[in-house]
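Student: Before anything else, here's the structure in question.
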Amino acid sequence: MPEKLPELPRPTDAELEILTVLWSRGPSTVRDVHEAIGFRKATQYTTVLKLLQIMAEKGLVRRDEKQRAHIYEASQPCEWTQRQLAGDLLQRAFSGSAKSLMLGALSARKVSKEELAELRKFLDEYEGGAR
Amino acid sequence: MNHLESWIHTPVAKALGWSLIHFLWQGMLIAFLLWMLLILCRPREARLRYALGCLALFAMAASFGLTFELLLPGGHAAIAVPARLALPVVPPGAAPALDVRPLDLKLALPWLVPLWMAGVLLLYLRSLASWIAVERLRRTGVCAATGDWQERLRRLRGRLNLDRSVALLESCLIDVPVVMGFLRPVILMPMGLLAGLSTDQVEAILLHELAHIRRWDYVVNLFQNLIEGLLFYHPAVWWVSGQVRTERENCCDDMVVKLKGDARGYAAALATLEQNRWSAREPALAASGGSLMKRIHRLLQQPEGPRASAAPILAAGLLLVSLGVAVAGWQNISTAAPKPVANAVPLTQREPAEAPAIVTPLPKKAPVSLVAQAVPPTSDQSAPVNGIETPYLRWMHEDVAYIISDEERIAFKHLQSDPDREHFIEQFWMRRDPTPGTTVNEFQEEHYRRIAYANDHFADKIDGWKTDRGRVYITYGPPDEIVSHPKGGGATSTFPFEEWRYRYIQDVGNDIVVEFVDANMSGEYRMTSDPSAKDALLSKPGPKYFVVGEVGRPGAFPLVTPTTVMEALVLAGGFRDFANRSEITIQRGAKTYIFNFKEVVTGQNRAQNIPLEPGDQIIVK
């Protein structure tokens with residue numbers, strides 16, 4: 001069934017966290033998810049299990065029941081969240097201004113098409129040289 | 001709105017306004033200096049260039065602050081002085097001209113400050129929103145990186161000698177690695193990046209972020225934001241800030257290369273990052289930094305192609321403009337700054353060259369006696385126009401005699417026609433109106449109120465406004481304190497005198513005390529320059545009687561009106577604690593009279609209460 005843009009509900013904060021783990025670790029069992037979340041804050045295994053079940057009902061995750069320990073997988077790619085959140089005006093306003101405070105490896109301005117081509121050329125040279 | 005209108009005329013607001021204007025050339029100057037220094041430095045020396053940039057930014061903030069500090073009048077002037085009607089400054093050259101141009105600039109100037117404040121507020125609100133967004137990013141949509149990455153991060157931290165613990169998180173909301181926080185720093189990696197690039201490349205990027213943390217770049221960036229918000233209107237500030245950011249990235253790049261040794265690999269990692277960003281559909285929620293191409297070129301030590309930079313031309317042009325503003329600015333700063341050096345401010349009086357201005361410290365107290373000022377203007381014997389004292393001349397000689405400046409006076413005399421004179425008078429009052437926008441001219445109203453008050457209260461043989469007290473009242477306003485001794489007072493007998501105390505007079509000083517003495521006992525108080533003029537003993541060899549002994553104010557008293565012993569005792573301040581009330585003697589020549597206070601008071605022996613004669617001595621043991 002070709003699904004264009006599924007009308008999925010917006011994930012809550014807790015659900016988003018689980019989704020993040022799934023995107024990061026790939027399809028995982030409840031135990032894996034619980035362990036990953038545990039790095040940042042203490043949660044109960046049962047809480048995680050409950051949330052995953054709810055998310056499966058909502059369609060946010062897919063459950064693979066072939067094995068004894070069910071494996072959960074995010075139903076949408078990571079970019080889907082960004083698209084979702086982009087619709088939120090407030091989020092947009094906040095994230096727009098957040099640029100000025102954060103530091104990072106790349107600049108806020110995307111490079112132009114010409115510069116990108118130049119980059120690609122450089123990368124190819126580099127890779128060629130590395131081999 | 002009315003509040004705002006009156007606030008913008010306070011010295012604080014004026015100082016702010018002028019500081020903003022002066023920063024136009026100060027900012028240009030600092031930016032120009034930085035530009036020159038950066039040209040002298042080689043592009044390799046990122047740390048030096050970064051330090052210079054930070055210094056320049058700091059210098060900009062400091063010069064703004066210093067200018068504001070210098071322009072603030074000292075202490076008291078911060079209090080809004082509607083009662084004293086602090087006049088707007090009349091620059092010396094402006095008075096003779098009857099056109100409105102200098103006035104327009106002065107009208108628009110005060111509104112700069114509220115506009116600027118609105119801008120600052122907006123930008124700071126935006127910064128607040130940023131901060132909230134940043135805090136959200138570290139909590140929502142994130143998960144901790146896997147254990148092995150945490151381990152690698154720990155090792156990298158060790159190589160940088162970084163003590164603070166750093167959290168490494170993956171976030172689905174960003175598409176470029178970012179770092180945030182300084183007490184509990186966090187590195188956020190876009191989802192999948194850790195697995196997507198080679199380990200070496202990821203480590204290089206992590207090193208870059210850790211370098212930011214180690215150098216406390218996040219804090220410096222916060223300060224940059226604050227300064228940018230404060231001085232947002234000056235492009236030089238943004239240019240310098242951009243330089244700082246560029247050099248900051250270069251510094252971190254250098255640290256990565258130093259530790260990893262592989263510049264090309266790192267450059268490739270950056271290029272890949274940028275490529276990935278292109279594939280993401282959403283606008284980047286990325287950090288600010290320099291141009292990627294420049295950084296890669298610099299890493300690979302490839303010289304950039306010569307690019308016709310517009311910067312020098314732009315800088316030269318802006319410098320010329322700002323020099324022009326600076327010249328205008330300095331001209332005004334000397335007249336705008338209300339320093340104690342008297343300038344053409346109509347509130348202060350004529351220069352001391354015109355009249356003996358002696359400042360004598362009173363023996364009893366620290367405050368300074370304000371002394372005889374300029375000669376009263378009625379002595380200005382200018383020939384009236386057409387032989388008749390026109391109402392315009394009367395206006396100049398009487399109404400505004402004490403508040404018109406010499407330049408204005410000369411200008412007024414040169415006017416030929418009545419419409420010109422009326423226009424001048426209108427301008428005169430407008431210049432002094434503290435609220436130029438309103439129909440009411442508070443200064444004018446107060447001035448005429450003072451004249452009326454003086455005429456009502458100080459008049460005796462001459463008009464109230466012509467007296468010394470009237471002059472002081474009209475010029476400086478009602479004093480904060482009046483100490484009145486209509487029957488004399490003090491340790492020695494004195495003439496009736498009044499002390500007027502002003503807590504602060506602009507351009508004169510604090511705690512000004514003016515004394516008026518009625519030395520002729522005529523009802524007319526003259527301003528005195530000599531504190532001892534009060535002392536009847538020294539100045540008036542008239543009929544006197546003496547009260548000595550245990551009384552409040554022993555001394556000599558003028559015998560002007562018929563005075564009885566009782567009255568004399570009261571005038572002398574009554575009895576002190578150990579006075580002998582029943583054995584008071586009055587020595588008249590060789591004769592001695594007895595005065596028993598108790599008896600006289602109870603009604604017995606009232607005959608003892610004799611009228612005094614000159615030379616009598618009342619002795620209270």
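Student: Partner chain Cβ atoms within 10 Å, averaged over the residues of B:184-192 - can you pull that number for me?
Tutor: Details: counts 0, 0, 0, 1, 2, 1, 1, 9, 5.
Mean number of neighbouring Cβ atoms from other chains: 2.
Student: With θ taken as phi - 60° and the coefficients 6.51, -1.76 and 1.60, list the Karplus ³J(HN,Hα) couplings across the range B:21-37 in order, rounded to whole Hz; mark glycine and proline as x.
Tutor: 5, 5, 5, 4, 7, 4, x, 4, 4, 5, 4, 4, 4, 4, 4, 4, 5
Student: Using the Karplus equation 6.51 cos²θ - 1.76 cosθ + 1.60 (θ = phi - 60°), what ³J(HN,Hα) coupling, rounded to whole Hz, does each residue of the range B:201-210 give in order, writing x for Gly and Pro?
Tutor: 5, 4, 5, 4, 5, 4, 4, 4, 5, 5
Student: May I pose another question? What average count of beta carbons from other chains do you get within 10 Å of the Cβ of residues in A:16-23?
Tutor: Numbers: counts 6, 6, 1, 4, 11, 4, 1, 7.
Rounded to a whole number, the mean comes out at 5.
Student: Ranking request for peptides B:248-257, B:181-190, B:145-154: highest mean number of other beta-carbon atoms within 10 Å first, then the rest in descending order.
Tutor: Values: B:248-257: 23.4, B:181-190: 19.3, B:145-154: 15.6.
Top of the packing list down: B:248-257, B:181-190, B:145-154.
Student: To the nearest whole number, what is the average tally of beta carbon atoms from other chains within 10 Å of the beta carbons of peptide B:143-149?
Tutor: Values: counts 15, 10, 3, 5, 3, 0, 0.
If you average over the peptide's residues, the count of other-chain Cβ atoms is 5.
Student: Which entries of B:Lys461/B:Lys544; A:Lys113/B:Lys258; B:Lys487/B:Lys544; A:Lys121/B:Lys260; A:Lys113/B:Lys294; B:Lys258/B:Lys294 show an alpha-carbon separation above 21 angstrom in the structure shown? It would help to have the intermediate numbers written out before the result.
Tutor: Details: B:Lys461/B:Lys544 27 Å; A:Lys113/B:Lys258 31 Å; B:Lys487/B:Lys544 15 Å; A:Lys121/B:Lys260 24 Å; A:Lys113/B:Lys294 15 Å; B:Lys258/B:Lys294 19 Å.
Long pairs (Cα-Cα over 21 Å): B:Lys461/B:Lys544; A:Lys113/B:Lys258; A:Lys121/B:Lys260.
Student: What does the convex hull of the alpha-carbon atoms of the range A:1-82 project to on average, in nm²?
Tutor: Values: hull surface 22.8 nm².
Quarter of the Cα hull surface area: 5.7 nm².
Student: Under 5 Å between amide hydrogens, which residues at least 5 positions from B:Ile174 or on another chain qualify, with H placed 1.01 Å from N in the peptide plane?
Tutor: For B:Ile174, whose amide H was placed from the backbone, the distant partners under 5 Å are B:Met191.
Student: Same structure, new question: Each residue of the range A:26-38 in turn: what ³J(HN,Hα) in whole Hz from Karplus with 6.51, -1.76, 1.60 and θ = phi - 60°, glycine and Pro shown as x?
Tutor: x, x, 9, 7, 4, 4, 4, 4, 4, 5, 5, 5, x
Student: Kirkwood Rh over alpha-carbon pairs of the range B:119-258, then Stokes-Einstein at 20 °C and 1.002 mPa s: what D in µm² s⁻¹, rounded to an integer?
Tutor: 133 µm²/s
Student: Under 20 Å Cα to Cα from B:Lys591, which aspartates and glutamates show up? Leave out anything in the same chain fewer than 8 places away.
Tutor: Output for B:Lys591: B:Glu583, B:Glu613, B:Asp616.
Here, each number is a calculation from the coordinates, and none is a lab measurement. Just so it is clear, the structure is predicted and the values come from calculations on it, not from any experiment. Every residue, glycine among them, receives a Cβ derived from its backbone with ideal geometry; neighbour counts consider all protein chains shown.
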